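Enquirer: Just passing along the structure, written as structure tokens.
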Amino acid sequence: MSIPLLYTIRSVRARWASNLIAVLGIAGVVAVFVAMMAMARGFQRTLVESGSPMNAIVTRGGATTEMESVVTLEQEKIIADAAGVARSADGRPLVSGEVVVVTAFHHKRTNSDALAQVRGVSEDALRVHDGVHIVRGRFLRPGLAELVAGKNASDMYTGFQLGDTPRFGGRTWTVVGIMDSGGSAFDSEVWADAVVLNQTYKRPADIFSSVTVRLTSPAAFSAFKSALSADPRLTVQADRERDYYAKQSGAVSTMIRVLGFLVAFIMGIGAVFGAFNTMYSAVSARSREIATLRALGFRPGSVVLAFLAESMVISLAGGLLGCLAALPFNGLTTDALNWQTFSQLAFAFRVTPGLLAWGLAFALFMGFWGGLLPSIRAARLPIATALREL
Amino acid sequence: MVRVDGKGNTGALVQVRSLDKTYQRGSQEVHVLRGLNLDVERGEFVAFMGPSGSGKTTLLNLLGGLDLPSRGSITVDGDEITHLSGPKLAAWRARHVGFVFQMYNLLPVLTAFQNVELPLLLTRLGKADRRRHVEIALDLVGLSDRLDHYPRQLSGGQEQRVSIARAVVADPTFLLCDEPTGDLDRKSAGEVMALLERLSAEFGKTILMVTHDPRAAERAGTVLHLEKGELVEGQGGS
Ligand SMILES: Nc1ncnc2c1ncn2[C@@H]1O[C@H](COP(=O)(O)OP(=O)(O)OP(=O)(O)O)[C@@H](O)[C@H]1O
Ligand SMILES: [Mg+2]
């Protein structure tokens, strides 16, 4: 049998003061790592959750974002009649032809201009985007210069509270409602009437950026997609709304992740050295104990395991502490520029159980590498010499 | 019969032949043991004496498989240990040797019970059997009421008795004691010696003990002196 775990745990406790530095070092790395990953995850989830599994978004063939895309009114009518499109009780197809304009608003936090998405929508927008709810005021009326601001947009930018009258695109608008989509990208948008928005920006009235349709069921997507590609009048592409938004999150969330790994890696090297130091001094301080265990007949391998376990216990404590420190980040809202839409996106950090598990795994990984050499040294200690030490 | 002339019969429990131990200190060689011979039969109680630095601890470490000789051989119960290495030697120690050190060497984070249990973790005994053995061993040394005490909660004499319990609990082939009373007051030393004497007389344990204390040496059946790297029979020898 091996050296009892009890010995390991009690030894860690007995030397808690000198272990503290290693624990704190690892905790710091884990906290930063988990927080960065929670940020990337929050950014990604915000976009992914903007899409409904019941919806499909139609853009011009080859376009990667709505801003590069043009869909005509004529095409919208054909799309609305395609297979798989859901209808309202009165038989109207549930489609929303939408126009996207990116414009600069005053960003409160940085006190500078930031780019925001203004989305021109149709009357049926709320029925198609059924995750979006008006929480204050009312929905905009067609034909008027009225706005509904996403709750994050309303917080982020100056002049988008209910009743405010912001000026952009050469006219004055009135904010008549605040909408909440439960943290999705729509919360960072400002919605206007599609026709009015086109007029304001002197675009042809019968042109949209995209058409979002509500499907009869998530499974109806393939029928809908093939109906569109079979129609010779259409040169459009259909994506599941979820996939479309997920793609938009790719670059930035990958960047945050890469940065997170990089920072964690560099800090991690420091923490590994901290663990190494702590374990090295533990081995030196306890060489007579180690020699005693060896004299009793415990094998070199058991000694390696016992000290690796000790290093892992220390790093586990650090990992737990780090996770605890990262936990308050959960739900914290911040915003960043999404390069793929060229607009500011508000999102909340998401500290998930999975991320915490990764944080702990990372801690154990550091503990392992920090403890490896000292553990081997412990096992190689010449017994007779070590027994003479006081 | 204990012999130091290398002519013991082949049935002796411990047979040491032409043992050399040389330490390298810088460029200088220190010859601590030079052609040492020893034969100890089962059940004997031998005391080694000699001035400080004469190599008593060195000899005991070699006998216990904690260190390897420069030359010569050590055979215990038919096993030649000088050629065993690493894990094999560890397994041999676990099976055959019970150590008692001057500084007790109990693990400070474990209770008396847990310290005594350690050697049993290297046997096939199950938990219940281990408990029984530990209780018997601690009872033997008169510390049944200190099972859950930590070393720092025990006196030096009590610590040494716990360490003796640890040395005998797995019923080793022989006990190696390096100045077991060296750090104790007279009364505690007397108790420890009485205990070793009882282990020898009552339980037939083979005991090899290093000591500076003539009073302790008196209790042994044979006293050997380490002089110039060799053993010679002392005045108290049989
Ligand atoms: N690892 C080592 N390297 C070099 N010299 C050593 C080493 N270990 C012991 N020695 C030397 O070997 C000699 C014998 O040491 P040892 O500890 O065996 O003596 P001892 O008889 O037990 O002494 P004491 O009565 O003081 O315990 C001493 O001169 C000591 O300095
Ligand atoms: Mg000595």
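Enquirer: Can you pull out the residues in region B:127-180 that are aromatic (F, W, Y) and closer than 28 Å to B:H212 by Cβ?
Expert: Across region B:127-180, the qualifying residue is only B:F174.
Enquirer: For the structure I just gave you, tell me whether A:A386 is within 14 Å of chain B (Cβ to nearest Cβ) and either basic (K, R) or under 30 Å from A:T8 (Cα atoms) (or both).
Expert: yes
Enquirer: Related question: If you check B:P108, B:P119, which single one turns out to be buried (at least 16 other Cβ atoms within 10 Å of the Cβ) and within 13 Å of chain A (Cβ to nearest Cβ)?
Expert: Exactly one residue qualifies, and that residue is B:P119.
Enquirer: To continue, here is another question. Checking B:H212 against (1) more than 16 Å from ligand 2 (Cβ to nearest atom); (2) surrounded by fewer than 16 Cβ atoms within 10 Å (Cβ to Cβ): exactly one of these is not met. Which one?
Expert: (1)
Enquirer: Still on this structure: If you take the residues in region A:282-317 that are more than 14 Å from chain B (Cβ to nearest Cβ) and at pLDDT below 90, which one is farthest from the chain's Cα centre (by Cα)?
Expert: Looking at residues that are more than 14 Å from chain B (Cβ to nearest Cβ) and at pLDDT below 90, I get A:S284.
Enquirer: A follow-up question, please. Which count do you get for residues in region B:5-33 that are in a strand (DSSP E or B) and away from ligand 2 (no atom under 16 Å from the Cβ)?
Expert: 13
Enquirer: Of all residues in region A:334-352, which are in a strand (DSSP E or B) and not hydrophobic (A, V, I, L, M, F, W, C)?
Expert: A:T334, A:D335, A:N338, A:S343, A:Q344 - these are the residues of region A:334-352 that are in a strand (DSSP E or B) and not hydrophobic (A, V, I, L, M, F, W, C).
Enquirer: Among the candidates B:G64, B:G55, which residue alone is over 17 Å from B:V100 (Cβ atoms), buried (at least 22 other Cβ atoms within 10 Å of the Cβ), within 16 Å of ligand 2 (Cβ to nearest atom) and not aliphatic (A, V, I, L, M)?
Expert: Criteria check complete, one pass: B:G55.
Enquirer: Also, I was wondering about something else. Residues that are within 22 Å of A:L296 (Cβ to Cβ) and touching a residue at least 60 places away in the same chain (Cβ under 8 Å), at least 1 per element: which helices (runs of 4 or more DSSP H) completely within region B:34-148 meet that?
Expert: B:56-63, B:86-96
Enquirer: Which of the residues that make up region A:224-278 are surrounded by 14 or more Cβ atoms within 10 Å (Cβ to Cβ) and outside any helix (DSSP H, G or I)?
Expert: Of everything in region A:224-278, those that are surrounded by 14 or more Cβ atoms within 10 Å (Cβ to Cβ) and outside any helix (DSSP H, G or I) turn out to be A:D231, A:L234, A:V236, A:Q237, A:A238, A:D239, A:R240.
Enquirer: While we're here: If I filter region B:18-32 for residues that are more than 13 Å from ligand 1 (Cβ to nearest atom) and under 23 Å from B:V192 (Cα atoms), do I get at least one hit?
Expert: Within region B:18-32, none of the residues are more than 13 Å from ligand 1 (Cβ to nearest atom) and under 23 Å from B:V192 (Cα atoms).
Enquirer: Give, as residue ranges, the helices (runs of 4 or more DSSP H) completely inside region A:1-93 that count at least 1 residues that are closer than 24 Å to A:A194 by Cβ.
Expert: Correct list: A:16-48, A:73-80.
Enquirer: If you don't mind, another one. Please verify whether A:L355 is more than 22 Å from A:M36 (Cα to Cα) and either in a helix (DSSP H, G or I) or not charged (D, E, K, R) (or both), treating the condition exactly as stated.
Expert: no
The values are calculated or read from the model by the stated rules, or taken from the named source; none is laboratory data. This is a predicted model, so every value here is computed, not measured. Note that we place each Cβ from the backbone using ideal geometry, even for glycine, and neighbour counts take in every protein chain shown.
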